[in-house]
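Novice: The following block contains the structure, expressed as C-alpha cells.
The values are calculated or read from the model by the stated rules, or taken from the named source; none is laboratory data. Everything numeric here is computed off the predicted structure, so don't read it as measured data. Ideal geometry is used to build each Cβ from the backbone, glycine not excepted, and the neighbour counts take in all protein chains shown.
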C-alpha cells in the first residue's frame, strides 16, 4: 500500500513539474507578431532574421505590380531578393491597424523608399501565417496613393520634356528633336511671337547663330498643373556651368505648357529680377 501511494505521489510531482514547464514556455507568436518581426528585420537590413520567419514556399503579391515586374514573388529566395532591393533604396516601414483572425492578419503599411516620388506609399495588407512562418502576403496600394503617384510621374515626364528641349535642342543644337518634343501647332506668346513647329525651329536656329556655344543652365522648375515655370541663366562658351547661388540674379524666366508630352505654348520674360 505504501509503495502504491509513493508511486502516486511521484507521478503527481512529475505531472506538476511537466505542467510548470509548459507554463514557463514562451507563448507562440501570433500572425501580427510574425509579420512585424519580418518587416522590422528587413528595415534593420537583417535578412537572415527575416528569413527565419518565411516559409520555403512563401508567396508575396504586390498590386499594382512594380514597373517591369509581374508583382508576384514565389519562394523564400525571390521574396528575400525583393526585400534586398527595397533595402538598397533606403527602405523605411511603418505597420499599423493590425487585426488578427486566427492565422490571418490585415494591416496598413506605410513605406518610404528613394525610388518613388511620393512618400509615404500606403498599402492595405493581408497575410497568412502557419506554424510561425509567413505563407502568403498581399500588399494592395491604396487608391489615394495611386492617384498621387500618377500625378507625380506625369510631372516627372513633363520635366523631362522641358529639360530635353532646353538642353538637347537649345544648348546642343539638335533642332530635329523638335519633331518629337514640340507640338505642330506650337504657339510662342511672347518674343519672338509666332506659331507652328517651324517657327520654333527658326527661333532656335537664330538664337544659336547670334549666341554660338551658349548653354542654358536650368536653376529651378516649378510646376502649376501642366505649366512649367523655368528659372534659368545662360553661360557663354568657355564660361562656368555652375548653377546660381540662392541669392544670385536669375537671367531668364520661361513658361512652358506641356500637352501630351510636347511643348504646346511658350512665354518668355527677360531680364528678370527676383
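Novice: Taking the criterion of being over 20 Å from residue 162 (Cβ atoms) and either within 37 Å of the chain's Cα centre (by Cα) or modelled with pLDDT of 90 or more (or both), would at least one residue in the range 220-240 satisfy it?
Specialist: Quick first cut of the range 220-240, residues over 20 Å from residue 162 (Cβ atoms) only: 236-240.
Filter again for either within 37 Å of the chain's Cα centre (by Cα) or modelled with pLDDT of 90 or more (or both), leaving 239-240.
The answer is yes, given that some residue of the range 220-240 is over 20 Å from residue 162 (Cβ atoms) and either within 37 Å of the chain's Cα centre (by Cα) or modelled with pLDDT of 90 or more (or both).
Novice: From (1) modelled with pLDDT under 95; (2) in contact with a helix residue (DSSP H, G or I) (Cβ under 8 Å, 6 or more places away or on another chain), pick out the condition that doesn't hold for residue 212.
Specialist: (2)
Novice: Every residue in the range 137-185 that is outside any helix (DSSP H, G or I), closer than 29 Å to residue 211 by Cβ and without any contact (Cβ under 8 Å) to a residue 40 or more places away in the chain, please. Break it down into steps so the answer makes sense when it comes.
Specialist: Initially, the range 137-185 is screened for residues outside any helix (DSSP H, G or I), giving 137-142, 172-174, 182-185.
In the following step, the residues that additionally are closer than 29 Å to residue 211 by Cβ were identified as 172-174, 182-185.
Of everything in the range 137-185, those that are outside any helix (DSSP H, G or I), closer than 29 Å to residue 211 by Cβ and without any contact (Cβ under 8 Å) to a residue 40 or more places away in the chain turn out to be 172, 173, 174, 184.
Novice: Looking at residue 57, is it in the same structural domain as residue 132 (by TED's automatic domain parsing), loosely packed, with under 14 Cβ neighbours inside 10 Å and at pLDDT 95 or above? Reasoning before the result, please.
Specialist: Numbers: in the same structural domain as residue 132 (by TED's automatic domain parsing): yes; loosely packed, with under 14 Cβ neighbours inside 10 Å: yes; at pLDDT 95 or above: yes.
In short, yes.
Novice: Does the range 24-31 contain any residue that is assigned to a helix (DSSP H, G or I) and either loosely packed, with under 12 Cβ neighbours inside 10 Å or at pLDDT below 95 (or both)? Working first, answer last.
Specialist: Quick first cut of the range 24-31, residues assigned to a helix (DSSP H, G or I) only: 24, 31.
If we keep only those that are either loosely packed, with under 12 Cβ neighbours inside 10 Å or at pLDDT below 95 (or both) too, we end up with 24.
Among the residues of the range 24-31, at least one is assigned to a helix (DSSP H, G or I) and either loosely packed, with under 12 Cβ neighbours inside 10 Å or at pLDDT below 95 (or both), which makes the answer yes.
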